[in-house]
Amino acid sequence: MLENITFANPGFLYLLVLLPLLAAWYLFRHGKSIPTLQFSDFNAFEKTSRSIRHYLYHALFFFRLLAIGLLIVAFARPQSTTKRQDVTIEGIDIVLAIDISGSMMAQDLKPDRLEAAKNISNDFFSGRPNDRIGLVIFAGEAFTQCPLTTDHQILSEMLNGINFGMIEDGTAIGDGLATAINRLKESQAISKVLILLTDGVNNAGSIDPLSAAEIAKIYGVRIYTIGVGTHGYAPFPVQTMFGTRYQSMKVEIDEELLKKVSNMTDGKYFRATDNTSLRDIYAEIDQLEKSKIDVTEFRKKHDEFFPLAVFAFVLLILELLMRLTVLKTFP
């Protein structure tokens, strides 16, 4: 294709400016070389027409001009390039452990903490098509909602399907960590990441969060922890005999614990106080954990001047033969 053509000696291409000059010179010389006669009446010539030899005569110059142009391009040595790329994409294995305890109904994030987490997590997953991603949910206990998969459509459906009341209420952070680590421990990915999203204090489960972090460190799992909730108080829906009412609930996040868990595994702790900050947190994690793409490129150049030179010589030979044969007696 033309976009793959380069020239080894591009300086010769400047000679192409001679072609329009030669054409102008030919037209000027031809006009001067034609003899003129004066007639008082042209009626005798109305039915006459130019013979094919007339046009062939001018074709001789066209052949020569085209041959010169082809030779100039041939001297510039056009080259085509064959390019091949070997691309190796090694994705990252990521498990999201998300808190679905009752406190996630608080509406300091819109429409509430859980729905905001689901929506923004979906956006994060869609931007990482090469990664295997899994989903763990926890409250008073923990279980795997979706194992590691590259089918992000299924993952999105499983994420959208989680809701309050699926498991016993509480906040078993240690169990959530352990369940997610169990999904990552056999992974052969270049990077194994666990994102823990919670809004509370560890108050349930059988596994201590710091012990789970020690296990994560052994298996090379990096943990990013996200504390979800504003500072101070947040509006919380309460069902009464008069319908849904909202009351202020104190936000209690064990930030010290979450910081220790992330620091033990070379991860990072974040605090999401609204939808925008949560989205920014995911964007930062996205930058910190990029898939590895190795690209090996092979290029091979092929000279393409030979057909041009052959065609130019054929045109010159054709011009010579025509001058010596059909146009030999042309005045």
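Below are the figures for this structure:
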{"read-out": "Rounded if a/c under 1.5, otherwise prolate or oblate - the stretch 95-237, Cα gyration tensor axes", "value": "oblate"}
{"read-out": "Over 27 Å between alpha carbons, listed pairs LYS185/LYS268; LYS110/LYS192; LYS192/LYS300", "value": "LYS110/LYS192; LYS192/LYS300"}
{"read-out": "Potential extension, ASN263-ALA309 segment - 0.36 nm per residue separation minus Cα distance", "value": "9.6 nm"}
{"read-out": "Stretchable slack from LEU320 to SER248, in nm (0.36 nm times residue separation minus alpha-carbon distance)", "value": "15.9 nm"}
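Read-outs throughout are calculated quantities, based only on the coordinates presented, and are distinct from any laboratory measurement. These numbers were taken from a predicted model, which means no experiment stands behind them.
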